[in-house]
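Some notes on the structure that comes next.
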Amino acid sequence: MSTKLIMAIITITLALVFYTIGVFSERKSGILKKPHLFIFWMGLVFDTTGTTIMSSMAKGGSLFSPHGITGALAILLMLFHAVWATVVFKGQERTKLENFHKFSIVVWLIWLVPYILGVFVGMGA
């Protein structure tokens, strides 16, 4: 296994860890807090880094494959999620802060699709 592949696997897995911790700790706390923002942004950074490394290694892979399409959608959703979380947090409207976890869980579930597809694509390679 190449060093590049190991780094890609580590960063993508760190994205999963950060994003999962962020989503479920936000849900458990019942309100969006500043640490959640940091964790969401870190998940995005790790996912983008891992995806960039994997893309540079792909041979004959296509952005228009199921994994490519869902992966691009997931990164865009994670970006939107992190930006929207920041906007909601800065607005400090209690109802929005308390209900943000509903959006977070949906984005997390969608994000899992390319993660799981990537595992199967990687195992098939």
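Give the number of residues within region 1-35 that are under 28 Å from residue 55 (Cβ atoms) and surrounded by 19 or more Cβ atoms within 10 Å (Cβ to Cβ).
Pass one, region 1-35, residues under 28 Å from residue 55 (Cβ atoms): 1-23.
Then keep just the ones that are surrounded by 19 or more Cβ atoms within 10 Å (Cβ to Cβ); that gives 8, 11-12, 15, 18-19, 22-23.
Total satisfying the criteria: 8.
Are there any pairs with C-beta distances below 7 angstrom linking a residue in region 25-41 that is under 20 Å from residue 75 (Cα atoms) to a residue that is of a type in the set (Asp, Glu), with the two at least 6 apart or on different chains, and if so which?
Listed by first residue and then by second, the contacts come to 36/26.
In region 67-90, what residues are closer than 17 Å to residue 26 by Cα and small (Gly, Ala, Ser)?
Listed by number, the residues that qualify are 82, 85.
Taking residue 36 as the residue in question, decide whether it is more than 26 Å from residue 10 (Cβ to Cβ) and assigned to a helix (DSSP H, G or I).
Details: more than 26 Å from residue 10 (Cβ to Cβ): no; assigned to a helix (DSSP H, G or I): yes.
No, not satisfied.
Would you check which residues across region 4-21 are of a type outside the set (D, E, K, R) and over 16 Å from residue 74 (Cα atoms) and list them?
5, 6, 7, 8, 9, 10, 21
For residues in region 86-109 being of a type in the set (S, T, N, Q) and surrounded by 13 or more Cβ atoms within 10 Å (Cβ to Cβ), which is modelled with the highest pLDDT?
We begin by selecting, within region 86-109, every residue of a type in the set (S, T, N, Q); these are 86, 92, 95, 99, 104.
Checking which are surrounded by 13 or more Cβ atoms within 10 Å (Cβ to Cβ) leaves us with 86, 99, 104.
Values: 86: 97, 99: 94, 104: 94.
Filtering first and then ranking leaves 86.
Show the residue pairs that are 6+ apart or on different chains and have beta-carbon atoms under 7 Å apart, the first residue being within region 110-125 and modelled with pLDDT under 85, the second being surrounded by fewer than 18 Cβ atoms within 10 Å (Cβ to Cβ) and assigned to a helix (DSSP H, G or I).
Pairs that qualify, where the first residue is modelled with pLDDT under 85 and the partner is surrounded by fewer than 18 Cβ atoms within 10 Å (Cβ to Cβ) and assigned to a helix (DSSP H, G or I), are 117/66.
The values are calculated or read from the model by the stated rules, or taken from the named source; none is laboratory data. Here the structure is a predicted model, which is why all the values come from computation and not from measurement. Please note: Cβ atoms are built from the backbone with ideal geometry, for glycine as well, and neighbour counts cover all protein chains shown.
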